[in-house]
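Presented below is the structure to which this report refers.
Bear in mind these aren't lab numbers, they're just calculated from the coordinates by the rules spelled out. Since the model is a prediction, treat every value here as computed from it, not as a measurement. Heads up, the Cβs are rebuilt from the backbone with ideal geometry, glycines too, and the neighbour counts pull from every protein chain shown.
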Amino acid sequence: MERRNLGFSRPQRGACDGILTAARPRAAPITPLPATQNALPMASHQHVPFLTVEDEDDWVVSFALGPLGTSRLTLTRTPRLEFMLSPEQRGVSVGCAEAGQRPALLVAVQWGQQCVDVVSTAKRYSLDIRKVDGATRAAALSVLGKMNFDQRFQLGSA
């Protein structure tokens, strides 16, 4: 099976110990950027005890972070209201409950069996989803596919 370059790479070691090396800007071709250019901060590896999926007017995939799920990384898209935004502001918002952090736009998601790598315009996240049940994982991947109806971000699965 042929693998497409999704703008980041991961060593072939353990399940979730990969490192995203570069994010692809929205209008650029699908090639990784040199690590010294446009480097985004990498969040530490995050444990995800559960995730929430909404598939109604708003499309939401929200990852609970930490052992108790007290903070969240939320991917949100509201397609019925996007017509009010300028084209460069449209897409999936990536929000985290960190103090003072404004939502960024989603650039890429690499969905694996045990780990999900999320790249936004502001930060990169590596999420350990081993504790999440298969049905919830499938629902989240389905909603991510809907969120990507206009190919605004790269979506890959291992």
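In this label model, Gln89 and Gln114 are separated by 4.2 nm, measuring between points 7 Å along each Cα→Cβ vector. Cα-based values for region 46-151, radius of gyration first and Dmax second, are 13.2, 38 Å. In the neighborhood of His47, defined by Cβ-to-Cβ distances under 10 Å, what is the net charge if each Lys or Arg adds +1 and each Asp or Glu adds -1? Once all neighbours under 10 Å are counted, the net charge is +1. Placing a label point 7 Å from the Cα of Glu54 along the Cα-to-Cβ direction, the residues of region 69-91 whose backbone N falls under 17 Å of that point are 71-82, 91.
Compared with the alpha-carbon gap, the fully stretched path from Thr70 to Ser142 is longer by 23.4 nm at 0.36 nm per residue.
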